[in-house]
Amino acid sequence: MKNNSRRNFLQTMGVATLALPFVPTAYGKEKNVLPDVPYDGPVLRVAIMGLGSYGTRVAEAMRSCKKAKLVGVISGTPSKIEDWQKKYDIPKKNCYNYDNFDKIKNNPDIDAVYIITPNGLHHPQCLRVAKAGKHVISEKPMGLNAKEGQEMVDACKKAGVHLLVGYRMHFEPKTLEIIRMRKAGDFGKVLFFQGLSGFRIGDPTQWRLNKALSGGGAMMDIGIYSVNGARYMIGEEPLWVTAQEVKTDHEKFKAGIDETIMFQFGFPGGATASCLSTYSMNNLDKFFLNGTNGFAEMQPSTGYGPIKAHTNKGELDFPHETHQTFQMEEMSEIILNGKQPIVPVNGEEGVKDLKIIDAIYEAVKTGRKVDLV
Ligand code: NDP
């Protein structure tokens, strides 16, 4: 592996001392984010845990990465391990299952584990990976509630490893351009955000409809995009939450599995947000931000792309890059070089979303406004 000494040095140094100042740029205008030039800097060596649908997407996207490389797998399915070994040239010594992956501690050729298993497994698996001394990237939602999320943050801190959450939109150029414009005051005083996140879920036997594995329904899976989006689009943390649930199919969406939830936030600057999370409607992937001087609209706003976005000034015309390629290049920079992303992707960021989701569920249950501060 290239530049091992630099990577080892960086890892030994710890995170805080390495934090580089962030220099704001019109990020979306950097057309050559993955320039076609040789790269000989440090490479983040990643093992993917959970070789399912999204794990496969991440692995394919990582083929184009220069700063991150798929070098290992953790899976409960031996036939998948064999396939992936061939497909991605993964040596046997970097293959684990859920019983033996603590041994990754003794493997100097793996830097980080990307957990892409059902939501209910992220917390216990993160604690084990941290204990093995490897950096953790966890898919969203990072845990089933804020308490789990905080325990993950604490465990990674104690172990001296990074904990990042797979918030791929935090690196998406059009999203970042709208954030830049909002910070520059282009929309005036921001007063309103609308987030619509949903799709029609199929197979009723899948883990997404099993409370122990999912932690909830649409809110945990897709509604989280509007929760997270409201925060990064407005650029503030909500003060309060109200929420209402609608369930049309009690057979498919059993107790604890939300089908549709409408939720609202109030922000310190006076803005409000109105959002919808659902497992019952397609074509719901839209963000709208409105201010006194302008607006931004994104549709699709968080799908795999290309994202479409326009503002009162016109269409945002940036080239599409595979989100997960971007994400893993940037996560490598964060872990190995201490880069500060424009929108955080650390464990603390994941806990903020889970605190809000906990409050949304409480608001649904009690019918009351829930204060977040
Ligand atoms: P899949 O069901 O397609 O894959 C999950 C994989 O986890 C399985 O293939 C299996 O892999 C492993 N697994 C381990 N234990 C279990 C279990 N008890 N039941 C089912 N699977 C198990 O799910 P997704 O890939 O769609 O989702 C995985 C995670 O990724 C979720 O947290 C989800 O929220 C997140 N996600 C994020 C997206 C994003 O854009 N950021 C998009 C889609 C999903 P193996 O056989 O190798 O053990």
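Which residue pairs have Cβ atoms under 6 Å apart, sit 6 or more places apart or on different chains, and have a first residue in segment 46-64 that is in a helix (DSSP H, G or I) and a second that is within 7 Å of the ligand (Cβ to nearest atom)?
Sorted first by the residue in segment 46-64, then by its partner, the pairs are 54/116; 55/116.
Being among the aromatic types (Phe, Trp, Tyr) and in contact with a strand residue (DSSP E or B) (Cβ under 7 Å, 6 or more places away or on another chain) narrows it down to one residue among 326, 295; which is it?
295
Quick check: anything in segment 156-173 farther than 28 Å from residue 209 by Cα and within 12 Å of the ligand (Cβ to nearest atom)?
Yes, segment 156-173 contains at least one residue that is farther than 28 Å from residue 209 by Cα and within 12 Å of the ligand (Cβ to nearest atom).
Scanning for something surrounded by fewer than 14 Cβ atoms within 10 Å (Cβ to Cβ), within 21 Å of residue 337 (Cα to Cα) and either at pLDDT 95 or above or more than 16 Å from the ligand (Cβ to nearest atom) (or both), does segment 42-49 turn up at least one residue?
So far as segment 42-49 goes, no, none of its residues is surrounded by fewer than 14 Cβ atoms within 10 Å (Cβ to Cβ), within 21 Å of residue 337 (Cα to Cα) and either at pLDDT 95 or above or more than 16 Å from the ligand (Cβ to nearest atom) (or both).
If you take the residues in segment 327-339 that are of a type outside the set (A, V, I, L, M) and over 12 Å from residue 58 (Cβ atoms), which one is nearest to the ligand (Cβ to nearest atom)? Show your work before the answer.
Within segment 327-339, the subset of a type outside the set (A, V, I, L, M) is 327, 329-330, 332-333, 337-339.
Next cut, over 12 Å from residue 58 (Cβ atoms) only: 329-330, 332-333, 337-339.
Values: 329: 16, 330: 14, 332: 17, 333: 19, 337: 23, 338: 24, 339: 20 Å.
By that ranking, first place goes to 330.
When residue 99 is evaluated against the numbered criteria (1) exposed (fewer than 15 other Cβ atoms within 10 Å of the Cβ); (2) in contact (Cβ under 8 Å) with a residue 24 or more places away in the chain; (3) over 23 Å from residue 348 (Cα atoms), which criterion, by number, is the only one it fails?
It fails just one condition, (2).
Hey, could you check segment 222-268 for residues that are charged (D, E, K, R) and free of Cβ contacts under 8 Å to residues at least 60 places away in the same chain and say which is surrounded by the most Cβ atoms within 10 Å (Cβ to Cβ)?
259
Quick check on my filter: what residues within segment 188-221 are open to solvent by less than 40 Å² (accessible area, probe 1.4 Å), more than 23 Å from residue 352 (Cβ to Cβ) and not small (Gly, Ala, Ser)?
Those that are open to solvent by less than 40 Å² (accessible area, probe 1.4 Å), more than 23 Å from residue 352 (Cβ to Cβ) and not small (Gly, Ala, Ser): 201, 209.
Filter segment 50-96 down to the residues that are out of contact with any Ser or Thr (no Cβ under 6 Å at 6 or more places or on another chain), basic (Lys, Arg) and either more than 11 Å from the ligand (Cβ to nearest atom) or under 19 Å from residue 165 (Cα atoms) (or both) and list them by number.
57, 63, 66, 69, 86, 87, 92, 93
Got a sec? Which of 127, 191 is hydrophobic (A, V, I, L, M, F, W, C), more than 24 Å from residue 105 (Cβ to Cβ) and more than 17 Å from the chain's Cα centre (by Cα)?
When all the criteria are applied, what remains is 191.
The values are calculated or read from the model by the stated rules, or taken from the named source; none is laboratory data. Quantities reported herein were computed from a predicted structural model and do not represent experimental measurements. Cβ coordinates were reconstructed from backbone atoms using ideal geometry, including for glycine residues, and neighbour counts include every protein chain displayed. Just the protein is used for accessible areas: all its heavy atoms, side chains included, with ligands, DNA and RNA removed. Shrake-Rupley method; radii C 1.70, N 1.55, O 1.52, S 1.80 Å.
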